[in-house]
Each structure stands twice: as C-alpha cells, then as structure tokens.
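Data first, discussion second: the structure below is written as structure tokens.
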Amino acid sequence: MQEYDDIFGAEGPLARALPGFAPRRAQMEMAGRVAAALDGRGKLIVEAGTGTGKTFAYLVPVLLSTARVLISTGTRTLQDQLFAKDVPLVARALGAPARIALLKGRSNYLCRLRLLRAGAQGELDGVAVRDPLWARVEAWSALTRTGDLAEVPGLTESHALWGQLTSTRENCLGQRCEEYARCHVVAARRAAQEADVVVVNHHLLLADLALKEDGFGDLLGSSDAIILDEAHQLPDLVTQFFGERIGSRQIETLLADCRAALLRAGLAPAELRPVLHEVEQALGALLAVLPRGLPPMRWEDSGADLESFALGLAAALVALGVALEAASDETEVRQAAERAGGLGQSLERIARCGEEAGVRTVESSGRSCVLGLLPFDIATRFAALVEARQAAWIFTSATLSIGDDFSHFATRLGLDAVPTLRIASPFDYEAQALLYLPAGMPEPTSPGYVDAVIDASLPLLDAAGGGAFLLFTSHRALARGAARLRERWEWTTDLPVLVQGESPRERLLQQFREHGSAVLLGTASFWEGVDVKGDALRLVIIEKLPFASPEDPLVKSRIEFLRRHGGNPFRDYQLPEAVLALKQGFGRLIRSEDDRGLIAICDPRLVGKSYGRVFRSSLPSLPSTRDLGEATRFLAQLAPLGSLSVPR
C-alpha cells in the first residue's frame, strides 16, 4: 500500500503531472484493492462516488502490472477520453509506457468491399449526381489508416451513406471476403490483440462475449483482466444481448442481398423466385395483422395471433436458406443461406418461448415491425461466461448500491459472492449543496402534475438566473414541460431553453456549457454520463422519482414473473431500480470540489411515502428544506452578477 501512498501522494508523480491534483485516501484504497484483484485474477465490485477519481484508481495498478487489460465503458465519450487522454497521461506520469488500442464496433469502420460495390453500382446505374460526401469519402478511403468513419468531416451515423459503407455481423463475409487482407475491422482487432491496454465499449464487449465475432478473433481470450466502468448499465445491456431481436427491415435487406448475390454468382433470381416470394408473403402477412403505430408491447397485449404468423415466417426463412445452399457454392450465396437460416431459427426461438423464460415484445410502424425476446434470468448465463475466463473482473460505477447493499446489482448478474467496496464521494455536500423538496405538490398521477412541476421551478430558475437542468422521466412529460416553460418563462428572459430532441445531445451540452446560464430539459440520456463542472450548472430539478413505467413490456412481465415466484416486485425490483436511477440524476449537480448548487426533487412521495427513506438514505448527506424562500436565497448567492429575478 505504501507504493500507492507515494504515487497518489502530494509529492507523487500524479501530483507533478496534474495541476490541482489532490491526494485522496479513498482513491489509494481503491487502487490497492484493484491491484490485489489483478494479482490474484480475482473479482471486485466497487462503487466509487462522484469525485473519487476512480479512473486513475484503476489505471495506476493496471499500468504498473504486467497484465493485458481490457477496459470497457458505457459511453463513447468516456471511451475516447480514456484512449486519448487518461491512459497516456497516467502512463507518462508513471514512466510506464504501454501500447494502447481503441476498438469500436464494426459499424464504425469503412467496409472496403461495400465501398467498391457501391461505386460500381453507381456507374452501372449511370448516376449523374452523387451525394457531395461521396467524393470526400473516396478520397479519404485512399489515405486512412484506421478506416474509422468518424474521421470524415460532415459524415454522421444518421447520414444515408453510413449504412452503405459499413458491414454488419449478418452481411460480413469474414475470411471469405476478397478485401479481407485490407479489412479495417480485422486491422483494428489485430492491433487490439497486440496492445497492453484495449479500450472498448460495453456493446462491443457483450457482442464478443455473447455472440462471438466469427473470423475476427476473441477479444477476451488473451486478456488477463477486464475492467467494466459505468457497470451500472450492464444488467439491462446483458438482457438485450442474451435476448433476440428480429426486424422486418433485416428480412427485407436479406432478400435484396439474396437477389444481388445470385446475380453475381451468375444465377437468375427467378430460379429461386418461389422461396423468395414465400418469405415476402409471410412477412407481409405478419405486418398486415399488426396495428399501425404500435408502441413496444408484449405479444399477448397486441391483439394479434403473432405466434402462428411468426412461425410461418420462420419456416419460410429456413426453407430459403436450404434452397440457397443447394443453389450455389459461391461465398455470398452460402453466406446469404446462413443468414436466412439463422434469422429463421431466431424467430422460431422467439415464437416458442414460454412465459417463464422471458417476455416477447413487438413494435410496429405499419410499414415495419420488430419482434423481440428479453430473458428474465441472465444471472446464470452471465456468471458462467465470467467464470469460464481465468481473468480478473472489476466492476465499477458511482451507482451500484442501495445504501450499503450491493445485492440488487450483484444478484442480477450472478455475482453474489464477489467482494464489494463502497467509497463515498469526497465532496462536502453539507457545504456545497442544498436539497429542496417543494411543499404542496400534487400526486405524480394527477393530470396537471407536470404543469405543477414547472410552476414550482419558475422561482428557482429566476433566483438562479438559469444554469439549470430539468430532468424528466418520460418523453411525454418532457414535451409538456417544455411547452409549459416556454409559455410561462421563456418570453420574460433572453436565456435559452434547450430541449432534448431539438438538437443533437452533444450540441445541446456544448451550448449549455458555453452560455453559462441556459436551461436544458432532458430525459433518460441526460440523467447519466453528463459532466458539467463549474458555474454553468447550479440547479438540477427532478420531475419525479424515476420508477420505470409499469406498462413497459419487460417491467410488466418481470413484475408478473416475480409474483408467480413469490417475490415482492416493488421491493425487489421496482424500488431498487428507481433508487439507482435517482442517484444518477442527483450526481449531475456536484462534479468538483468547487461546485455549488441546489437539487430540487418535486415528487411528494419522497416525503409522504415510507419508501422515501430508502431514496434519501442512498443519497449523500446534505441539508434539505421545504421552504421556498430558503431555496431561492441559496440560489441567489450562486446566480451570475447582474441576473435579475423576474417578478410574477
């Protein structure tokens, strides 16, 4: 431990390399526990409160060890920060050079084969006017070393070209591809396998863990340790990856690819027209029985006989696969055959799933639909995958426990016997923050509740002079809140009101930071992963306690599943999930030792219901008030000079 005392101490290498670095005993403790887990190939769950410095607490032992380490994050922002800033900085400070690789999912890399074919198809079709970005992509493709499409100025994931230039797991030819030797995905994976530290994201890690990327190497196989930052996201992500999801557009794309592959193989698609037509007919029949604009719901709530239509489509897809395999030995045709058979088998698994295994979901826009299966029990399977690898596993986040209890997180992932460590935030919430619980609020189920939230927020916004986040629990509440705020407040001030969905997320955050007194309204994606230090954010208003909607298909079915098995859905599932979500929202306010601010939670259940104590006990200890005058006086001290309260 003395080594870490020196490294993290006031005269240590980190203090010399980082202006403003302050020694923290909790950071040293976490580093020591991580080092022990690395040395013993053990497991560890760490909740490290905001400001602990958990990133450096795991990077220092990683870079001092001889282990080959995979670091997985929940967001691209943190992934980029680790690769471009944090790992190189700590490595230089320690004098411990390391080979670092950043690895993204295949949908981020240019597929050379698809680029060549798209270009050839354009010439064949006699396209006179291409998208202006096309020439830029072609010029860049000849120079890029990484193939990362993020390098192309003006090209975003939402642009139509993006999908034309990238491959998917379904349509990639793997080692059978004529461009395999120059494949950017292969090169990126090869670099990752040669690196000491590989930075990935949870989606890519889980794809590798649960699905495998045939022909592209095993990320986990040669790793001595896996560190999962932002680990609170894992239970929901693992549920998705261990489930099934089949969309009508996948099937339509398959049919188009089948016809193209047959033509390139010198076969007339007409020869397989009956089986292709059978799939089209079965897909059309499925779409026809679904109402237009069907939100995500359970199969049994849709009013349609989905099981028989899904099984009919599954049989047609399997038959198509058999016919394609018999038609040709050409690489693309055989790959299309495998895709057809795989989709058919997945669809059959969804259709035949029993109520004890999981929830079958459906959503439809009228022209397209998605059928899914979300399993209830992921613990056994995830734990088996973890145990199968003789590596250290470290799970860390700022929000993993309910009070001092980690069982909700650990049990969902089958990690019940894993040692835990809880480190409180070093911030002085008693001096830096105030919790305001407005009096006289209606029940959240009341028709006018969102309007009441905005009315309660207005004097706070005036007193603070903006600089606020308003966090909502649904898009419907967000839309109503934005409309009400603009009616009542925006016309009286020149401060901007920024609303999720009206601009890209990162653009909204940039505008918020740069202005310094803006007001930003958002839903789930702004409750976590958002870091605004300094005076720009001095007020966070939370609409209500973030209980998941009981009409959500998975929530509804999980509640019924727990009841059937004698559990208490509220105590065992709904409450702990809401507590963890509230901790995330609360964590947006104080991001450094110098931050000060007020957090308002408008939900009267925090005071009026017995379970409100569970929420309060999971938040940092800080002063609270129900007096509006005290709240506005506190905020007035934080407001920028010259800001005026607007009389009402």
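When Val200 is tested against (1) hydrophobic (A, V, I, L, M, F, W, C); (2) modelled with pLDDT under 90; (3) under 18 Å from Leu149 (Cβ atoms), just one condition goes unmet, and that condition is (2). Does segment 64-77 contain any residue that is on the phi < 0 side of the Ramachandran plot, in a helix (DSSP H, G or I), at pLDDT 90 or above and crowded, with 21+ Cβ neighbours inside 10 Å? Within segment 64-77, not a single residue is on the phi < 0 side of the Ramachandran plot, in a helix (DSSP H, G or I), at pLDDT 90 or above and crowded, with 21+ Cβ neighbours inside 10 Å. Is it the case that Glu551 is of a type in the set (Asp, Glu), in a helix (DSSP H, G or I) and over 20 Å from Leu78 (Cβ atoms)? So Glu551 does not fit the description; no.
Results for (1) out of contact with any Leu (no Cβ under 7 Å at 6 or more places or on another chain); (2) assigned by TED's automatic domain parsing to the domain that holds Leu206; (3) in contact (Cβ under 8 Å) with a residue 40 or more places away in the chain, shown as yes or no for each residue.
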position	(1), (2), (3)
Ile7	no, yes, yes
Leu18	yes, yes, yes
Met30	no, yes, yes
Ala35	yes, yes, no
Ser72	no, yes, yes
Gln81	yes, yes, no
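Give segment 204-240 a look and list any residue that's modelled with pLDDT under 90, within 25 Å of Val555 (Cβ to Cβ) and not aliphatic (A, V, I, L, M), or say none. Within segment 204-240, no residue meets the criteria.
In segment 305-333, of all residues being free of Cβ contacts under 8 Å to residues at least 24 places away in the same chain and surrounded by fewer than 19 Cβ atoms within 10 Å (Cβ to Cβ), the one that is farthest from Leu272 (Cα to Cα) corresponds to Asp305. Please specify each residue of segment 170-191 satisfying the condition of being touching a Leu at 6+ places or on another chain (Cβ under 8 Å) and crowded, with 20+ Cβ neighbours inside 10 Å. Matches in segment 170-191: Cys177, His184, Ala188, Arg189.
Scan segment 526-548 for residues that are in a loop (DSSP other than H, G, I, E, B), in contact with a Gly (Cβ under 7 Å, 6 or more places away or on another chain) and among the aliphatic types (A, V, I, L, M) and the total you get is 2. When the residues of segment 433-485 are filtered to those that are farther than 22 Å from Val532 by Cβ and among the polar types (S, T, N, Q), the one that is surrounded by the most Cβ atoms within 10 Å (Cβ to Cβ) is Ser474. Scanning segment 49-63 for residues that are free of Cβ contacts under 8 Å to residues at least 60 places away in the same chain and among the aliphatic types (A, V, I, L, M) yields a count of 3.
Restricted to segment 268-291, and to residues there that are in a loop (DSSP other than H, G, I, E, B) and within 34 Å of the chain's Cα centre (by Cα), the residue that is farthest from Ala310 (Cα to Cα) is Pro291. All told, Leu554 falls short of being in contact with a helix residue (DSSP H, G or I) (Cβ under 6 Å, 6 or more places away or on another chain), among the hydrophobic types (A, V, I, L, M, F, W, C) and either in the same structural domain as Gly466 (by TED's automatic domain parsing) or buried (at least 17 other Cβ atoms within 10 Å of the Cβ) (or both).
In segment 160-177, the residues that are modelled with pLDDT under 80 form Cβ pairs under 6 Å with partners that are not acidic (Asp, Glu), at six or more places apart or across chains, as follows: Glu170/Arg339. Of all the numbered requirements in (1) within 30 Å of Pro295 (Cα to Cα); (2) outside any helix (DSSP H, G or I); (3) free of Cβ contacts under 8 Å to residues at least 60 places away in the same chain, Arg507 misses one, and that requirement is (2). Does Thr473 qualify as being assigned to a loop (DSSP other than H, G, I, E, B) and in contact (Cβ under 8 Å) with a residue 40 or more places away in the chain? Spelling it out, Thr473 is indeed assigned to a loop (DSSP other than H, G, I, E, B) and in contact (Cβ under 8 Å) with a residue 40 or more places away in the chain.
The values are calculated or read from the model by the stated rules, or taken from the named source; none is laboratory data. Note that this is a predicted model, so its numbers are computed, not measured. Don't worry about glycine lacking a Cβ; one is built from the backbone with ideal geometry, like all the others, and counts go over all protein chains shown.
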